[in-house]
Amino acid sequence: MINKVSIAGRVSKVVFLALCLLATVFPLYWIIITSLKEPGAIYSLPLDYWPRQLSLENYIGLFTKSDFGQYMVNSLIVATVASTVATVISLLSAYVLARFQFAGRGAVMGAFLVTQMIPGFIALGPLYLMMSDFGLVDSKTGLILIYIAICIPFCTIMLRGFFENVPDALEEAAMIDGCSRLGALFRVLVPVMLPGVAASFIFNFVNCWNELFLSVTLMNSDANKTIPTALAGFISSFNIDWGSMSAAAVLTVVPTLVIFAFASKFIVQGLTAGSVKG
Amino acid sequence: MSVETKNAPVRPSPRRDAPGGERRSSGTKRRFNARTALTLLAFLAPAAIFVGIFTYYPMISGSQMAFRNWNLNDLSDTSWVGFGNFQSLFEAPEFWGIVRNTVVWVVGSLVPQVVIGFAVALYLKRRFRMRGAYQAFLFFPWAVSGFLIGMLFRWMFNAEFGVVNDLLMKAGVIDSPIPWLAEPGFAMTAIIIANIWYGVTFFAIMILAALQSVSDEMYEAAALDGAGKVRTFFNITLPSIATTLALTILLRVIWIFNFPDIIFAMTGGGPADQTHIITTYMIKITQEGDYGKASALGLIVVVTLMLFAAFYLMAVRPRKAQR
C-alpha cells in the first residue's frame, strides 16, 4: 500500500518536472529551429518540427540586409561600460551601507528601494526632455549614464548583502598594515567576494543588454541603436520577417544564456540573500 | 547627514570579541572621526548623484507636468490645468477597460506562477541526480528579455503558421486555427501564458531558498507525531515560509504591474487597444507626445503601488504575529 503510494508520487514528480522542463525549453527550441529553416520553409504547412534541411540564410540576410552587426556592437559597448561603472559605484555605496551606522542611512536605503518599485520608464517624457537639454539624445553616452543610474540601486542592495558576509576584521587588518580604505576595499574585500561582485556585474549587464523602452525613446540612428530598439523597429513595419526576427532573437539570447549558465548559482545566492535580509 | 565625530581612530566594536556571539557587521555601532566621515560621503556621492539626476529629477519634474497642458506636438500653451489631465484620463472610454485588463494581467499571471513555482520548489527540495542541471535549464527564461519573450510567443501564437495552433489541432482540442492575437479574449490569454512562462522560475527559486532554510528537525518532529503529508505542509511548511512568500508576492505584484515589455512586443496593446494595461497605455501616450497625460498616469501608477504595498503589508503583518 505504502509502496504503491510512493511509486505514484514518484511518477507524478517525474512527469510534472518533465512537463515543466519541456514547457521551459520548447519556445527556445522553436525559435532556434525557425531561424535555421529556409525562409520559404518557415511559411509552409504542415509545420516541420525536425527540419532536415538546415540553412543559415536567415542569419546571412540579417547581417547583409540590416545593420545588425552594428547594433550588436552598440549593445555590447553600452552594456559593458554601464554595468562596469555601475558595479564600481555600487561597491562604494554598498560598502558604506553595510559597514557604518550613520544618520540618514535608512533614508539612503529607502531612496534606493523606492526606485525598485517604480519602473525606469515612468518618467520617460521628462527624461527625454532632460537628455535633449544635455544634447544627449541619440547618444551612447547618454544611454550609458541612464543605465548606470538604473543599475545602481539594486546592485547596491545586492552587494550590501555580500559585504555583510565578509568579516570586517579583514579590511581592518589591511588598514592597520597601511592600506587606505579604498585600497582595502578593492585589494582585500573585492577579491574575497569576487563571486558576488561577478554576479552583480552580470545582473547589470543582462539588464542593460535587454532594456527596451528608454533606448527606443532615446535612440534613433542606426549608428547608435541597441539590439532591442532595432528589433522593435522590425515589428513596427506591417509584416514581420520571421526569418530575420528569429535569427536576431537567437543572436540576442545566446550571449545572456551562456553567461547565465555559468553564473546562475551566484545570481541565485545574491537574489535570495538580498531578499531574505530585506 | 550627521556623524558621531570623535578624534579617535576607528575602533573595532566592543561586540566583536564577544565569545560565541554571532557578529553582525550591519548592526555594530561604530565611532569614527571627521576624516572617515568625509570618506564615507565621498563613497556615497557617486551613487547619490547618478540616482538623483537620472531617476529622481525626471520623476519630480514629471509630477508637476501632470498638472499642466504639456503636449510635445504643440508647446505654445503649457499652462496649469489642475486635475484636467486626470479628468480626461478617467473620462476616456477605454480607461476602465484598461484598469480591468491590468487586474486580469496581474492576478492571471501571478496565481499560476505561485502555484507552479511552489510545486516545482517542493519537488526540487529533495536532492536527486541532475538536480543542478535541471535548475540551470529552469533558468532559461530569465536570460530572455521581456521583449524577446513577447516575440517568441507572438510567433508561436501566430494564427496561420504558429506552433500552438498546430499542436492543439494535432491533439484534437480544436478543429480550426484560433486567431489568437486578433481576438481580445484570446490575446489576453496568450500574453498571460507568455508571462507565466517567464515568472515561474522566480517563484521556484525564491520558494526553494525559503524551504531549504526550514530546519529538518521540524519535519522529523512532525513525522514522529504522525502528521501526514498534507498536515505537515499546512502546519509546518507553509507557516515557516509565510513571510518570505508574502514579500516575494508583494514584489512580484509590483513587478508584473510594471512589466509592459511582453504586451508591447506581442500585441502592442491591440487588437483595438483591448490588451493595454496601464503601463503599456502610458508608453503609448508618451510616444504620442502627450507628456502631461502620461505624467498624470505615471502619478496614478506610483500612488496605486504605494497604497497597495502599504495595505498589503498591513494585511500580512498580523498573521505573522499570530504564529
Show the residue pairs meeting these rules: Cβ distance below 9 Å; 6+ apart or different chains; first residue within region B:117-140 and more than 10 Å from every other protein chain (Cβ to nearest Cβ) and farther than 16 Å from A:S264 by Cβ; second residue open to solvent by 70 Å² or more (accessible area, probe 1.4 Å) and at pLDDT 80 or above. B:K125/B:Q212
Residues being under 29 Å from A:L21 (Cα atoms), open to solvent by 20 Å² or more (accessible area, probe 1.4 Å) and touching a residue at least 60 places away in the same chain (Cβ under 8 Å): count how many of those fall in region B:92-108. 2
Among A:Q101, A:Q116, A:Q70, the single one that is open to solvent by 40 Å² or more (accessible area, probe 1.4 Å), within 12 Å of chain B (Cβ to nearest Cβ) and assigned to a helix (DSSP H, G or I) is A:Q116
Being free of Cβ contacts under 8 Å to residues at least 40 places away in the same chain, in a helix (DSSP H, G or I) and within 13 Å of B:F203 (Cβ to Cβ) is the requirement here; does B:V111 meet it? yes
Test result for B:I60, of a type in the set (V, I, T), within 8 Å of chain A (Cβ to nearest Cβ) and open to solvent by 40 Å² or more (accessible area, probe 1.4 Å): no
Somewhere in region A:45-57, is a residue part of a loop (DSSP other than H, G, I, E, B), surrounded by fewer than 11 Cβ atoms within 10 Å (Cβ to Cβ) and among the charged types (D, E, K, R)? yes
Quick check on region B:83-90. Is at least one of its residues open to solvent by less than 40 Å² (accessible area, probe 1.4 Å) and within 13 Å of chain A (Cβ to nearest Cβ)? yes
Criterion (open to solvent by 20 Å² or more (accessible area, probe 1.4 Å), within 21 Å of A:A18 (Cβ to Cβ) and of a type in the set (A, V, I, L, M)) met by exactly one of B:A119, B:A182: B:A119
Hits in region B:158-167 - residues which are open to solvent by less than 10 Å² (accessible area, probe 1.4 Å) and in contact with a helix residue (DSSP H, G or I) (Cβ under 7 Å, 6 or more places away or on another chain): B:G162, B:V163
I need the helices (runs of 4 or more DSSP H) fully contained in region B:206-274, keeping only those with at least 2 residues that are free of Cβ contacts under 8 Å to residues at least 60 places away in the same chain. B:216-224, B:229-232, B:238-257
Go over the candidates B:G269, B:G289 one by one and state the one that is modelled with pLDDT under 90, surrounded by 19 or more Cβ atoms within 10 Å (Cβ to Cβ) and closer than 20 Å to A:L212 by Cβ. B:G269
Any idea which residue in region B:66-82 is farthest from B:I285 (Cα to Cα), counting only those that are outside any loop (DSSP other than H, G, I, E, B) and open to solvent by 60 Å² or more (accessible area, probe 1.4 Å)? B:W80
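The values are calculated or read from the model by the stated rules, or taken from the named source; none is laboratory data. The structure presented is a predicted model; accordingly, all values stated were derived computationally and were not measured. No Cβ is skipped: glycine too gets one built from the backbone with ideal geometry, and neighbour counts run over all protein chains shown. Calculation scope for accessible area: heavy atoms of the full protein, side chains included, ligands and nucleic acids excluded. Shrake-Rupley method; radii C 1.70, N 1.55, O 1.52, S 1.80 Å.
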